[in-house]
Structures are given as structure tokens and as C-alpha cells.
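Let me begin by presenting the structure, written as C-alpha cells, before commenting on it.
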């Protein structure tokens, strides 16, 4: 285990941290150029989301009644929707909703799951038994259905969508971190610290938790893509962030509501945006996983 | 073996109870007020205090929670899944009418995922790190990333655009009208099947690559068996076990994925009913449908586990 999750260097200074981070990125590019390339695309999408207000050609919510449901043209590269809103601007703004939800839900869900898993693995016993049953119950729902039910019960909105998706991520964090902790608990340096009389808190957070960082990172990055798809599906089913906000799922849902024959540009572009984003984050996640945990290379 | 099945079923029963509590908790106890869910935030503010109390009492929502929970469980045990607010058909009838269509879609998609995924996995694993292998891997990664409902929309659009064809809207049973039924089912099944096939190809490839290195495969080769037979008789059966488990996990993906996919195709299955319930904020229908989906998922997982145990004695005796 120690070989797989290398120990942190003692007392890292800010400068040495920055240098090792840079070295890490350099190594990523050399060892996994394909993933690194998609990582750059993911970074570009994040940049696009951050810079959305500056780079959009039109206001995403403003309708122009002179150009309603127009196919792509020089003024509107991606066309306009039924009430004359610019599709390109809406797709760009959609990345904001998508990424906010994905990062928020994955960070929240995986962190709660990881802490829960840490407690389960460390304390064991009845608490662990009860927790495992509870996690099993949570996993008895297909992800999207659980997220739909929670989002619907809480009512639509950015916060509720994040919570709904985060809850579906908890079992994964819980399971993985628990098994890591179970094996770490018996390792000699932890035993030594326990022998020296370290408190539970110190053992858990000072000695065990740092070794969980690598699996946590792997979990978080591999789940970003799933979270984006669930967010889009929720929007498509009408339980996501409520309509006027431009999200990719809402745009596809609007296209379907537009009539018997939805205009092709309203269907094509939001879907392409979802696909490229999910692809980029999935491949970035694969690369990070291969880098941090060579044992898993090439498996699912 | 029987004791394994019995244990698995007992755990399944426990899980179903836990799931029912969880569904109830999500739909009734979470901060959202069911009346807000039904009438919408604006409609809710228009109701007078009296009307609210009246609705709450009529729906049995002013009883203590455990009374409500037991009443719900009693209804379900009797097979009474309640009524929609907006339609006269009972939920039980609706499940019986629409369920088979979704079941058909799920079944065909699973068969399709194996028919596509396994051959691809074999080709990919026998020539690892060649161009064809990389291509297959990239395509499967792509298929995992593409949202199925969007592909569904594109297919509907393309058929309409180029052939002016649209699948029939009305539900048709397999026995009464097989042609219409097939037209309804094929699209969603292909989309969901290819989505799963990507996962199966990926898992099958890595599992085969592992198995091929095993001693018994080398022995089979050493005794002069031809390569095809080595793969078909020795490597493949052992490599398939994790794939079967994965296929079981993917059933969750199919059950849930069929909701947006059925909406995209306009298929009148159970998934579409789920979409309708959600968009109409029909809390009680939703509660029962979520429960039904979860129970089906639990049962399917038991079937998968028992299948694995039948195929692999190592698990049975654990």
C-alpha cells in the first residue's frame, strides 16, 4: 500500500509544493499525452464557463423577435430558438450550470462519502454494519431515479440539483475510502502512532486521511462526467434548474417541446457540448487514475 | 447453494424494507411541502389556510408520519398503488399496461449489448495496443460519454428528416400488433444497448487480457489446442464472470436511462410515465413508481448474484 500511495514529503514549503505540482503536470503530459490533451480541453471548457459573460455574442436570455427559430447564419453561428434567443450564447452559458453542478455535487458527495467511509473503516463494529446497510439501500436506486426523486421533493433550483446529485455520489466515496482505510489501519506506522498514544482524531486525520487523497482524487475526477450527464438528464426531464436559465438539458427539453419536428440546430449543439465535456472529463479522470494508481491501469 | 439463495433473498427483503423507508422519507419528509409540489409555488400561495388543511386531511397528510408510512405499505401489499391526481387510470393498471414495453426495451438492449460488446472485446483483447484496439477503445469511451437521450433525439430527427418516418405514438402489445410494437421498441433498445455495449466491451477486454495470462490458458495452448478453441472454451467462460456482474450493474443504467430515452423517442412505456409524473409534480405516483423501480432493481441484482453463484462455485462456498 505504501508503495502505491507514496507518502507526502515532510514539511513541504510553498515553493517546493509549486515545483512538485509543475513537475507532476509535466510528467502527466509525458506519460499520458492523450489524457493530457483532453485535460486541456476540459480546462478550456472551464475557462469558457468562467469567461461566459465576456465571450458571449448575445445575452442568453434576451429574445429577438426579428430572428426567431433561424438556422445557423453569420449573425447567429448556432442559430436561434423559438423566441429568438441566440443558441451559441446559451450553449456557452450552459457550461456554467453544468460545471457548477458537477463540481459542487462531486465535491460535496465524494467528501461526505469519504468522511463517512473513513469513520466506518476506522471504527468498524456496529456503526460500520449499520452504515453499510444504509449505503446498500442508497445503492438500490438507479442514480438518475434517486436524483429525480430528491430534486422533485426539494423543488427545482441550483442548490437542490447539487444536493440531489451529491447524494447519489455518497455510496461510491463511502465504499472506496472505507476499504482503503481498512487496509491502512493495520499498517505499521499507524500502529506505531497508536502505540505512542495518539488520539482517534489524530490517527484518523493526521495519519490515515493523507493516504486517502489519491483514491479521493481518482473518485472525484471519474465521477465528474457522470454528474454532468445526470444534470443534463434532470434538465431534460424538467426537474433540473428551472427553465429560463440556459442549461444544456433545458435546451434539449425546449427543443423537444418546440413542436413535432424540432429544428436540428437546437438539438445538435447542446448535445455536442454535453458529449465533448463529458468525454474530456472522463479521459482526464482516466489519466489521473493511471498516474496515481498504476494498478488500475486499463480497467474500468 | 439453496442456503446461498435463501440468504440472498433474506437480504433482498431487508433491502426492500429499507428502500421503502427511504422512498417515503425522500418523498414525504424532505423539507419540500407536497402541496407546493402539487400546486407549484404560485398556486400554493393562492390557497387559503382552510383549503390547505382540507387538502392535507383528504390526502392523509395530516396524520403522524408513521401512520402514513404504514398506510402506504398496507396499500402496496394489497397491490393498490393509488391514483394519479390528473388521470383516472390507477397506477397499478398503468404499470401493467406500460411496464411490458419498458421490460422489452431493457431485455433487447441487454441482449444487444452482449452481441456487440463481447465480439468487440475479443477482437480488441487478442490484438492489444494495435490501431484497431485503440480505435475500439476510443469509440467505447465516446459511447460512454454520449447521453443516450440525445442520440435518441438525433435518430428521431434524422428519420423524420430523410424518410419522413415517425414511430407510432400509441402503445401496442407484442402479441396484438408485433410490427407496431417493434417499431416502438427498436429505437430505445438500440440506443440503450449500444451505451451498455461500450461498458461491456471495455470490461470484457481487460478481463480477457487478464485471463489470457493465466496458467490454464498456457496449458491449453501447450497441449496443442488451436487458438480459437483456447479462447472459446478456456479463456472466455472465465473472463465473462465480471462481465455478467457488470451487466447486472448496468441494468440500473437501463432502467434509469430509459426514462429520458423514452421521452426522446416518445415511447409510451413506464419511463415516459415517470417523466409525466415528474413534470406534473404528481408526488404519490412518483413515490410508487420510484419504489417499483427500486424493487425491480433489487430483484434483478439478486438474479445476477445467484447466476454468478451458479456459474462460479468459489462464490457459493464463501
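The values are calculated or read from the model by the stated rules, or taken from the named source; none is laboratory data. Model, not experiment: these values are computed from the prediction. In this analysis, Cβ positions are derived from the backbone assuming ideal geometry, glycine residues included, and neighbour counts consider all displayed protein chains.
Taken over the range A:38-66, the residue count meeting the criterion of being more than 17 Å from the chain's Cα centre (by Cα) and without any contact (Cβ under 8 Å) to a residue 12 or more places away in the chain is 3. Could you please let me know if residue A:39 is assigned to a helix (DSSP H, G or I), surrounded by 11 or more Cβ atoms within 10 Å (Cβ to Cβ) and modelled with pLDDT under 80? No; evaluated as a whole, the condition is false for this residue.
Within the range A:143-190, if we keep just the residues that are closer than 30 Å to residue B:273 by Cα and outside any helix (DSSP H, G or I), the residue that is modelled with the highest pLDDT turns out to be A:157. Note on the range A:239-257: residues that are crowded, with 18+ Cβ neighbours inside 10 Å and under 16 Å from residue A:86 (Cβ atoms) total 8.
Would it be correct to say that residue A:58 is touching a strand residue (DSSP E or B) at 6+ places or on another chain (Cβ under 8 Å) and surrounded by fewer than 22 Cβ atoms within 10 Å (Cβ to Cβ)? The answer is yes for residue A:58.
Taken together, the residues in the range A:223-250 that are part of a helix (DSSP H, G or I) and within 11 Å of another protein chain (Cβ to nearest Cβ) amount to 13.
Screening A:284, A:203, A:260 for residues that are in a helix (DSSP H, G or I) and either buried (at least 19 other Cβ atoms within 10 Å of the Cβ) or facing chain B (nearest Cβ under 10 Å) (or both) leaves exactly one candidate, A:284.
Residue-by-condition table, conditions (1) farther than 28 Å from residue A:271 by Cβ; (2) in contact (Cβ under 8 Å) with a residue 40 or more places away in the chain:
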residue	(1), (2)
B:80	yes, no
B:96	yes, no
B:102	no, yes
B:132	no, no
B:140	no, yes
B:143	no, yes
B:162	no, no
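In the range B:162-177, is there at least one residue being closer than 23 Å to residue B:149 by Cβ and at pLDDT 85 or above? No, the range B:162-177 contains no residue that is closer than 23 Å to residue B:149 by Cβ and at pLDDT 85 or above. For the range A:190-202, the count of residues that are touching a residue at least 24 places away in the same chain (Cβ under 8 Å) and in contact with a helix residue (DSSP H, G or I) (Cβ under 7 Å, 6 or more places away or on another chain) is zero. Given (1) within 30 Å of residue B:276 (Cα to Cα); (2) surrounded by 13 or more Cβ atoms within 10 Å (Cβ to Cβ); (3) without any contact (Cβ under 8 Å) to a residue 40 or more places away in the chain, where does residue B:151 come up short, assuming only one miss? Looking at each condition in turn, residue B:151 falls short on (3).
For residue B:188, the conditions (1) modelled with pLDDT of 90 or more; (2) more than 14 Å from chain A (Cβ to nearest Cβ); (3) over 16 Å from residue B:272 (Cβ atoms) all hold with the exception of (3). Among the residues in the range A:158-177, are any more than 30 Å from residue B:284 (Cβ to Cβ), more than 14 Å from every other protein chain (Cβ to nearest Cβ) and surrounded by fewer than 22 Cβ atoms within 10 Å (Cβ to Cβ)? Checked the range A:158-177: at least one residue is more than 30 Å from residue B:284 (Cβ to Cβ), more than 14 Å from every other protein chain (Cβ to nearest Cβ) and surrounded by fewer than 22 Cβ atoms within 10 Å (Cβ to Cβ).
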